[in-house]
Amino acid sequence: MKILVLGGDGFCGWPTALHLSNKGHDITIVDNLSRRQIDVLLEVQSLTPIQPMSTRLKVWEELTGKKINFVYLDIRQEYDKLVQLLNKVKPNAIVHFAEQRAAPYSMKTPGTKRYTVDNNVNGTHNLLSAIVEAGLDTHVVHLGTMGVYGYGWLGNAPIPEGYVRVKVETPEGEVDREILHPANPGSVYHMTKTIDQLMFAFYAKNDEIRITDLHQGIVWGTQTPETIMDERLINRFDYDGDYGTVLNRFLMQATLGHPLTVHGSGGQTRAFINIRDTVRCIELAIKNPPKRGERPTIFNQVTEVFRVKELAELISNMTGAEIRHYPNPRYEADENDLKVENEQFKSLGLKPTTLSKGLLEEVQDIAKKYIDSVDPSKILATSQWRNTVTKLRSYDSASGLSSRSKQNVTGLKSVKNNNR
Ligand code: NAD
Ligand code: USQ
């Protein structure tokens, strides 16, 4: 198949592009490298030494004989180029990872809130509109998030895969309907994913675009069988307070001898998936598209559920790391139960990779190897969900960032404006 991987330079996109290329698909990566630019602006780097795109692709071709194309393109700002690309490649499937994906970054400043909405909502809409303009019958596989549901709604009832049956009282009596599960986002980033869902429902109905939306949990791990083939193919590993996610952060912190940074009580329960399963799930989704005219297919792309404090205890027992409870910078429930349905991927053949000591140690080995590149001042999460103005002032003076280059990629220009 001809497949476009939008956001194929990122943490999930890069290993997915390699996995699909290895399976014989003809891959074109599309990326505007904004994630690398945000690292520059936040003055932080991936723990692992990720290589420039040209090196990544050259090494992959040398090792496997398989060529991956790369198009440097901003799907939010370069609509005409996107239409031209679709007309030229005529992809059978488009995997859409190209969004700003960090909840803390999306809550950092008014500028980053607006950037996240502009980038994610317009990027997704441009893609859908461009597919219609190009007259393509292609399958969009989008990476959504478990956070659209709000991590539990009706006590212990498991979260269904996208749609929920409701009974509505009408003058003619009770009517059964299946509707999109109510959206309950917990950050501006998660909010953009709930807006994506509505756009998908509309374009599937109006233009019969075939869409699969994958409501993915927190991804952990780093390497896949392909990225491990050569150090120059290594995947990124985010550990900082904005982009690092909880399990990878804890593993890095234990390696460094930093206390494990549990927010609040640690009673928050979340869904998880290993990066090796992410790439397999995407392959399964591509192989099983909905039919034209059908509503979007929604899969919960998760394999396990843990409380934050359970993870901290597990890693502390394994490594001896100290667990420390920090005031929670987020506005979120301190304690929640979470059950998630994930039967669809299993019925398509997914054999879930579960959290095991061996896999945790594998991630820790990577952390050990590159621990010297950690900047300890970037570990604590500083983005506050509330009291933006006070926090903004301290962010701006502490970071010393004032460059004009902030404006296009991240919206940080409006940080300065709002501070005047
Ligand atoms: P990432 O930030 O590492 O990768 C996203 C990529 O998209 C980056 O390479 C970035 O440069 C690119 N991009 C962003 N905006 C773009 C634009 N306008 N035009 C072109 N390219 C653009 O993020 P990730 O962790 O790989 O996540 C990928 C997707 O999966 C995201 O949509 C995210 O919401 C979703 N997801 C991630 C996780 C996780 O734990 N990492 C969990 C659930 C869902
Ligand atoms: N947390 C800590 N300590 C830390 C970091 C996080 O206690 O050092 C807590 C957070 O307060 C939160 C939970 O761990 O309660 C998860 O935080 P996270 O940063 O690991 O994950 P989150 O912000 O939810 O976002 C990540 C990805 C996002 C994806 C989402 C899936 O960055 O792209 O959509 O996971 S989900 O969580 O299922 O919505």
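The values are calculated or read from the model by the stated rules, or taken from the named source; none is laboratory data. Bear in mind the structure is a predicted one, so any value in this text is a computation, not a measurement. Here Cβ is always computed from backbone atoms with ideal geometry, including for glycine, and neighbour counts include all displayed protein chains. These area figures cover heavy atoms from the full protein model, side chains too; ligands, DNA and RNA do not enter into them. Shrake-Rupley method; radii C 1.70, N 1.55, O 1.52, S 1.80 Å.
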Give a quick list of GluC sites (Glu not before Pro) in the range 1-83 that DSSP marks as loop, anything other than H, G, I, E or B, with at most 12 other Cβ atoms within 10 Å. none
Gyration tensor on Cα atoms of the range 2-385, a ≥ b ≥ c root eigenvalues, a/c under 1.5 rounded, else prolate if a/b beats b/c, else oblate, says oblate
Mean separation of Cα contacts under 8 Å (at least 6 apart) over the residue count of the chain, i.e. the relative contact order in percent, is 21
Below 28 Å, Cα to Cα, which lysines can K368 reach? Residues fewer than 8 away in the same chain don't count. K58, K309, K357, K378
Pop the C-beta distance of L63 and V132 into the FRET formula with R0 = 41 Å and round what comes out to the nearest 0.05. 0.60
Can you sort H125, H25 by solvent-accessible area, 1.4 Å probe, largest first? H125, H25
Length gained if N87 through Y72 is fully extended, taking 0.36 nm per residue and subtracting the Cα-Cα distance, is 3.8 nm
Output the antiparallel fraction of DSSP beta bridges having both residues in the chain, as a percent to the nearest 5. 25
Residues whose modelled amide H sits under 5 Å from the amide H of G8, counting only those 5 or more places away in sequence or on another chain, are V30
Where a ≥ b ≥ c are root eigenvalues of the Cα gyration tensor, a/c under 1.5 meaning rounded, otherwise prolate if a/b exceeds b/c and oblate otherwise, the range 205-324 counts as prolate
Between E341 and residues 5 or more places away or on another chain, which pairs have amide H atoms under 5 Å apart, with H built 1.01 Å from N, and which residues are they? I159
Largest first, what is the accessible-area ranking of E283, E362 with a 1.4 Å probe? E362, E283
Order by protection proxy (mean Cβ within 10 Å, highest first), peptides 135-148, 305-318, 92-105: 92-105, 135-148, 305-318
How far apart, in nm, are two points set 7 Å out from the Cα along the Cα-to-Cβ line at S265 and at E335? 0.3
Quote the FRET efficiency, to the nearest 0.05, computed for S54 versus R165 with a Förster distance R0 of 41 Å and r equal to the Cβ-Cβ distance. 0.20
Heavy-atom accessible area of C12 with all protein chains present, probe 1.4 Å, nearest 10 Å²? 20
Step through the table entries K193/K369; K291/K346; K88/K291; K90/K113; K193/K291; K23/K88, compare each Cα-Cα distance with 26 Å, and write down the pairs that go over it. K193/K369; K90/K113
Label point at R177 placed 7 Å out along Cα→Cβ; residues across the range 137-157 whose backbone nitrogen lies under 19 Å: none
Spin-label model distance (nm) - S356 vs W153, 7 Å beyond Cα toward Cβ: 3.6
DSSP-assigned coil residues among chymotrypsin sites (Phe, Trp or Tyr not before Pro) in the range 121-216, each with at most 15 further Cβ atoms within 10 Å: W153
F70 - accessible surface, heavy atoms, 1.4 Å probe, Å² rounded to 10: 70
In nm, the gap between the two label points placed 7 Å beyond Cα toward Cβ at L314 and A201 is 3.4
Scalar couplings 3J(HN,Hα) for the range 333-343 by Karplus 6.51 cos²θ - 1.76 cosθ + 1.60 (θ = phi - 60°), nearest whole Hz, x for Gly and Pro, are 5, 6, 8, 8, 9, 8, 10, 10, 7, 9, 5
Distance between the range 40-96 and the range 114-179 - C-alpha centres, whole angstrom: 27
Given contacts defined as C-alpha pairs under 8 Å and at least six residues apart, what's the relative contact order of the range 1-122, whole-number percent? 34
